[in-house]
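The values are calculated or read from the model by the stated rules, or taken from the named source; none is laboratory data. Please read these numbers as outputs of a predicted model, since none were measured by experiment. Please note that ligands, DNA and RNA were not included when accessible areas were found on the heavy atoms of the full protein model with its side chains. Shrake-Rupley method; radii C 1.70, N 1.55, O 1.52, S 1.80 Å.
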Amino acid sequence: PAPQQSPSPPSSRHPVPGKELSLPMPVADASAESLKDGFIMFVSFSCFGMLPVLGFVCVPFFVPGLSTGFQFGVACFFTAVALMSLGAYKALFHDKNYVRSAMETLTLGSVCAAVAYGVGHVIASFGADAEMFQLS
């Protein structure tokens with residue numbers, strides 16, 4: 001008969017989180033660093049998230065009388081520039097081609113925006129007749 005194989009030691013059955021992906025493990029006193037990273041992420045997200053709003057809020061102050069469709073186009077342009085800039089900047093940290101990284105980020109951001117717009121359109125169609133959506 002073939003010899004029975006002993007069960008593998010517990011450490012090989014349950015890998016330590018982060019080890020299999022070579023992720024850095026947090027240190028015990030990392031709360032200040034985490035707060036700083038969180039704040040930087042919040043500020044970055046807020047700044048980049050406000051860029052599309054410029055097409056609707058700031059541009060009409062400089063060029064009054066623009067149609068809503070044109071303002072939407074300006075907002076899309078600002079968003080595309082922001083996404084491409086973010087993608088090119090991201091290439092600094094990942095040894096990628098700047099143009100390729102910019103286009104990847106623009107594509108991903110555009111797909112996400114299209115999905116969000118579609119979901120919003122569907123949700124708005126459900127509530128189009130509801131009283132809470134009516135302006136008095």
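Here are a few things to note about the model shown:
- Whole-number accessible area per residue in Å² for region 50-130, which is evaluated in the context of all protein chains at 1.4 Å: 71 Å²
- Sorting Phe62, Phe70, Phe56 by solvent-accessible area of protein heavy atoms yields Phe62, Phe70, Phe56, largest first, with a 1.4 Å probe.
- The alpha carbon gyration tensor of region 29-136 gives principal lengths a ≥ b ≥ c with a/c of 1.5 or higher and a/b greater than b/c, which makes the shape prolate.
- Of the residues Asp95, Asp37, ranked by 1.4 Å probe accessible area with the largest first, the sequence reads Asp95, Asp37.
- To put it simply, the accessible area of region 45-129 at a 1.4 Å probe is 77 percent carbon and sulfur.
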